[in-house]
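*Asks:* Got a structure here, written out as structure tokens. Questions coming.
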Amino acid sequence: MPRVSAAEWARLRKFSPQYARRRLKELGATQGRDRKFDFATIEALHAGEALPPVTEAATPPPGNAPGDGRVTKSELERRLLAAKAEAIETTNRLRSGEVVLCAEVTRACGAMISAVRQRLLSIGHKLAPALAVEPDALTCQALIDDEIHGALQELTEWRPPQK
């Protein structure tokens, strides 16, 4: 289980350090010898979940035992290498077009909505002369339906503008 200090937990949860310390005290969270808290335990306490009872087997031995919150240099190097590999993989996916940035999707959706809005708003101006002289309601309905279907068809064929 990862262990975090009150300040680290405050940064993760976007709390002020003072609030985090007060909240941990209210929750009754206990610090280890390293003045750190078990992350999963304080998250569960903060969420209001009931904690499972602690048994002797679940308590880590004192000292430099695995799981006491200390990380070896080789483990840090392994994590750094994994993070670099993931960053390179993400960059390659962006370049190949397999993934796109959220901002690009938002921009494209906005452009699509704007195009459809313009097309739908132009229906009144486009049909007004034809509907003004048409006495038959069914013919008026057919004209309006054709224009709306045309706008929807344009929506299905719409492609975002290229950069």
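The values are calculated or read from the model by the stated rules, or taken from the named source; none is laboratory data. Here the structure is a predicted model, which is why all the values come from computation and not from measurement. Every residue, glycine as well, gets a Cβ built from its backbone with ideal geometry; the counts of neighbours run over all protein chains shown.
*Asks:* Picking from ARG117, ARG95, ARG78, ARG159, which residue would you name as being within 30 Å of ASP34 (Cβ to Cβ) and either surrounded by 10 or more Cβ atoms within 10 Å (Cβ to Cβ) or within 30 Å of the chain's Cα centre (by Cα) (or both)? Explain how you work it out, then say what you get.
*Replies:* On the way: ARG117 fails: within 30 Å of ASP34 (Cβ to Cβ); ARG95 fails: within 30 Å of ASP34 (Cβ to Cβ); ARG159 fails: within 30 Å of ASP34 (Cβ to Cβ).
Residue meeting the stated conditions: ARG78.
*Asks:* Could you please find all residues in region 1-36 being more than 20 Å from VAL71 (Cα to Cα) and in contact with a Phe, Trp or Tyr (Cβ under 8 Å, 6 or more places away or on another chain)?
*Replies:* ALA10, PHE15, ALA20, ARG23, LEU24, ALA29, THR30
*Asks:* Just the residues that are in a loop (DSSP other than H, G, I, E, B) and either in contact with a helix residue (DSSP H, G or I) (Cβ under 8 Å, 6 or more places away or on another chain) or surrounded by 13 or more Cβ atoms within 10 Å (Cβ to Cβ) (or both), please, taken from region 3-47.
*Replies:* SER5, PHE15, SER16, GLY28, ALA29, GLN31, GLY32, LYS36, listed by residue number.
*Asks:* Still on this model: If a residue has to be touching a helix residue (DSSP H, G or I) at 6+ places or on another chain (Cβ under 6 Å) and among the β-branched types (Val, Ile, Thr) to count, how many in region 91-140 make the cut?
*Replies:* Qualifying residue count for the region: 3.
*Asks:* Among the residues of region 100-109, which ones are of a type outside the set (Asp, Glu) and surrounded by 11 or more Cβ atoms within 10 Å (Cβ to Cβ)?
*Replies:* Residues satisfying the conditions are VAL100, VAL105, ARG107, ALA108, CYS109.
*Asks:* Next question, about the same structure. Based on what the data block shows, is ALA130 small (Gly, Ala, Ser), modelled with pLDDT of 90 or more and more than 28 Å from LYS36 (Cβ to Cβ)?
*Replies:* no
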